[in-house]
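Notes to accompany the following structure.
The values are calculated or read from the model by the stated rules, or taken from the named source; none is laboratory data. What you see is a predicted model, and the numbers here were worked out from it, not measured in a lab. Because the Cβ atoms are built from the backbone with ideal geometry, glycine has one as well, and the counts that use them run over all protein chains shown.
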Amino acid sequence: MKKKVVLLKGGMGAERDVSLVTAEGFEKALKELGYPYQVIDCKEDLLEKITAAKNVFKAEVALLALHGKFAEDGIVQSICEYIKLPYSGSGVMASALCMDKIFTKQVLINHDVPTPDYQILEKKDLSTFKLELGLPVVVKPSREGSSVGISIVKEQKDLLPALELAAQFDNYILVEKYIAGMELTVPILDGKILTPIEIVPKVDFYDYKNKYTSGRTDYYLPARLDEKALEKAKSYALKAFQVCRLRCYGRIDFRVDTNGNPFIMEINTLPGCTPTSLLPKSAIDCGISFNQLIEILVEKSSLDYLGVK
Ligand SMILES: Nc1ncnc2c1ncn2[C@@H]1O[C@H](COP(=O)(O)OP(=O)(O)O)[C@@H](O)[C@H]1O
Ligand SMILES: [Mg+2]
């Protein structure tokens, strides 16, 4: 008998629309694979709805088609943990950690994994912030995704508006050294590295539009990097996956400077999984179909505290 699955979709964050597209693909795969399933839109009354899915529908696994705030950040994972319903992807701590780009950088630095130099500030300190890094810099809300609230600042006059924009999305703001060079992402599935992807937006940087409008960005699998740089990126990706305690899958975003040095920008614990997203593309390149990918996510679902008294 196939496990009964509750598919969690939507969420309340800025990435809700992306999550709904991920969920469409997941639902189609569940249907084709023959899993009995129920779908929940994670807006209001989530605790009651998931509890009912477990107690009435007898769901054995929660498959998370969610991204961003209230979803990728450990909140939904905590609910699953609390009612002892195994769920796909990373646990509570890894999810919360990786949602926060500032804390992620601090853990990476602790483990000698390169990440761009940075400064941090709180929303209340916008007007007194002194930039110590040289321009250009990248300004980001510490906890967002899909490039929401991110600006590349090339001139001093554009700094304050960029800080104000980021502050609309979080109280904590990250100002990061801009790394000129290649954009690279390294997907990991079942603890193993999949084909690294080079990302080349046709105009500007990899912002929301370039991420989700087809034809605006070119992708190269594998990335056109020399072997040495590629091996470095893969080993940093694996180390990041391990030290941040990710489970089953994830996607590590890099910039590689013009000397071939990779720097981790961020770690995605519930990476985009629409049929055209990066991780599924890379899985297909490794001979893993979209349906096989979903099967792995379902079958590897677990609880953090399983077996711990
Ligand atoms: N330090 C950086 N140097 C150059 N480009 C960057 C840097 N940080 C972010 N970017 C650009 O912004 C995009 C989004 O940044 P990222 O940190 O991955 O956040 P998100 O969670 O929104 O994907 C990246 O894909 C890249 O194009
Ligand atoms: Mg990213």
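A few notes on this one:
- Only one of the listed residues (Tyr212, Tyr236) is in contact with an Asp or Glu (Cβ under 9 Å, 6 or more places away or on another chain) and surrounded by 15 or more Cβ atoms within 10 Å (Cβ to Cβ). That residue is Tyr212.
So that you can scan it fast, the table gives a plain yes or no per residue for (1) surrounded by fewer than 18 Cβ atoms within 10 Å (Cβ to Cβ); (2) under 25 Å from Lys211 (Cα atoms); (3) among the aromatic types (Phe, Trp, Tyr); (4) more than 16 Å from ligand 1 (Cβ to nearest atom):
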residue: Glu227; (1), (2), (3), (4): yes, no, no, yes
residue: Asn261; (1), (2), (3), (4): yes, yes, no, no
residue: Ile284; (1), (2), (3), (4): yes, yes, no, yes
residue: Ser289; (1), (2), (3), (4): yes, yes, no, yes
residue: Lys300; (1), (2), (3), (4): yes, no, no, yes
residue: Tyr305; (1), (2), (3), (4): yes, no, yes, yes
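- Identity of the residue in the range 133-179, part of a strand (DSSP E or B) and among the β-branched types (Val, Ile, Thr), that ends up nearest to ligand 1 (Cβ to nearest atom): Val138
- Close pairs from the range 256-276: first without any contact (Cβ under 8 Å) to a residue 40 or more places away in the chain and outside the structural domain of Gly74 (by TED's automatic domain parsing), partner in a loop (DSSP other than H, G, I, E, B) and more than 9 Å from ligand 1 (Cβ to nearest atom), Cβ under 9 Å, at least 6 apart: Gly260/Leu225; Gly260/Asp226
- Test: residue in the range 83-105 that is farther than 23 Å from Gly13 by Cα, part of a loop (DSSP other than H, G, I, E, B) and acidic (Asp, Glu): no
- Test for Lys232: is it without any contact (Cβ under 8 Å) to a residue 60 or more places away in the chain, within 25 Å of Lys177 (Cα to Cα) and among the basic types (Lys, Arg): yes
Rundown of residues vs (1) touching a helix residue (DSSP H, G or I) at 6+ places or on another chain (Cβ under 9 Å); (2) of a type in the set (Asp, Glu), yes/no style:
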{"position": "Val203", "(1), (2)": "yes, no"}
{"position": "Ala237", "(1), (2)": "no, no"}
{"position": "Gly260", "(1), (2)": "yes, no"}
{"position": "Glu266", "(1), (2)": "yes, yes"}
{"position": "Thr269", "(1), (2)": "yes, no"}
{"position": "Leu279", "(1), (2)": "yes, no"}
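- Cβ pairs under 8 Å, 6+ apart, first in the range 185-196 and acidic (Asp, Glu), second assigned to a strand (DSSP E or B): Asp190/Tyr249
- Sole residue being touching a strand residue (DSSP E or B) at 6+ places or on another chain (Cβ under 9 Å) and in a strand (DSSP E or B), chosen from Ala62, Ala71, Ala53, Ala23: Ala62
- In this structure, Lys211 qualifies as in a helix (DSSP H, G or I), touching a residue at least 40 places away in the same chain (Cβ under 8 Å) and on the phi < 0 side of the Ramachandran plot.
- Of the residues making up the range 63-96, just one is more than 16 Å from the chain's Cα centre (by Cα) and either within 19 Å of Pro141 (Cα to Cα) or among the polar types (S, T, N, Q) (or both), namely Ser78.
- Checking Tyr219 against (1) in contact (Cβ under 8 Å) with a residue 60 or more places away in the chain; (2) crowded, with 21+ Cβ neighbours inside 10 Å, the condition it does not meet: (2)
- Top-ranked residue of the range 101-159 - restricted to ones that are of a type in the set (Ser, Thr, Tyr) and touching a residue at least 60 places away in the same chain (Cβ under 8 Å), ranked as surrounded by the fewest Cβ atoms within 10 Å (Cβ to Cβ): Ser147
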